[in-house]
């Protein structure tokens, strides 16, 4: 396999991972972006309590399925509100390696 073929395979693999990631989302990308913004604003004012209390607050306010979202967040490194921002949000960037 030459260099060009390897680049193509890598590009295809990354695209497949992005598609899998999008399919795994328990809520829309837009709602996740709103959650990240909400947490960012709240955590500017108060310290992380090392739980998902702010995330749960957001989910309740928006009538979203708490269990599905919280389980997904934990599977992706978000065990508390600050980890949701530090570990999960970066997975939504275009250049993220999933």
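Applying the condition of being assigned to a loop (DSSP other than H, G, I, E, B) and in contact with a helix residue (DSSP H, G or I) (Cβ under 8 Å, 6 or more places away or on another chain) to segment 1-31 and asking which residue is surrounded by the fewest Cβ atoms within 10 Å (Cβ to Cβ) yields 1. Residue 37 fulfils the conditions (1) loosely packed, with under 11 Cβ neighbours inside 10 Å; (2) free of Cβ contacts under 8 Å to residues at least 12 places away in the same chain except for a single criterion, (1). Scanning segment 50-98 for residues that are under 15 Å from residue 21 (Cβ atoms) and either assigned to a loop (DSSP other than H, G, I, E, B) or touching a strand residue (DSSP E or B) at 6+ places or on another chain (Cβ under 6 Å) (or both) returns 76, 77, 78, 93, 94, 95, 96, 97, 98.
Conditions tested, residue by residue: (1) under 15 Å from the mean Cα position of the chain (by Cα); (2) farther than 15 Å from residue 91 by Cα.
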{"residue": "2", "(1), (2)": "no, yes"}
{"residue": "6", "(1), (2)": "no, yes"}
{"residue": "13", "(1), (2)": "no, yes"}
{"residue": "28", "(1), (2)": "yes, no"}
{"residue": "43", "(1), (2)": "no, yes"}
{"residue": "47", "(1), (2)": "no, yes"}
{"residue": "52", "(1), (2)": "yes, yes"}
{"residue": "61", "(1), (2)": "no, yes"}
{"residue": "71", "(1), (2)": "yes, yes"}
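Just so you know, all these numbers are worked out from the coordinates, no wet-lab data involved. These numbers come from a predicted model, not from an experiment. For neighbour counting, all protein chains shown are included, and Cβ atoms are generated from backbone atoms with ideal geometry for every residue, glycine included.
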